[in-house]
Structure formats: structure tokens, C-alpha cells
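Nothing in this text is a laboratory measurement; each read-out follows from the coordinates by a stated rule. Every value quoted in this text rests on a predicted model; they were computed, and no experiment measured them. Note: ideal-geometry Cβ built from the backbone for every residue, glycine included; neighbour counts use all protein chains shown.
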Amino acid sequence: MKLGQELSLQDNAKVLTWEPGDESSVKFWYKFAKGINTSGETVTQWTDSSGQSNDATQSTVGDRPHISGT
């Protein structure tokens, strides 16, 4: 970005990201508000984003977590 004739600013920042595949010891990764399957107001499954297929489920309906809109 050029700021006048004599002054300039360069953006040399690097964007660092992390994915579960970057770490071999990751067993599961549940992302906030992602991969959540519901039935009514209860969560039936929370999909594992690590690639290990360790999805979180609760077969006992009365023990399932409840969600509500904001």
C-alpha cells in the first residue's frame, strides 16, 4: 500500500492456520456450530472434523443435549 510519495507500507504478515491433520495425536475435533445434526431441539450427532470419524452421538433421547436459537 502506498502512503504518499515517500512512505510505503508492505504487508508481510503470514496467515497461519491449523487443521487436525497437522497433528497425528488428534482423536477428534468438534467445531463450534459446525457438523451438528438435530432432531427438533436435541442434538443427535456432532460430526468429528478430525478425519478420524469419531462422531459424538447419544442414543438415549432423554440424555441428548438441547439447543436453542438466539
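Here are the numbers for the structure shown:
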quantity	calculated
Calculated FRET efficiency for the pair Ala56/Ala33, C-beta based, R₀ 22 Å, to 0.05	0.95
Average silhouette area of the range 12-70, convex hull of alpha-carbon atoms, in square nanometres	6.1
5 angstrom amide H check on Trp29, placed H, neighbours 5+ away	Ser49, Ser50
The range 56-63 - phi-based ³J(HN,Hα) in whole Hz, Karplus 6.51/-1.76/1.60, Gly and Pro as x	8, 9, 9, 7, 7, 3, x, 9
Restricting the range 10-70 to chymotrypsin sites (Phe, Trp or Tyr not before Pro) in coil, as DSSP defines it, with at most 14 other Cβ within 10 Å	Trp18, Phe32
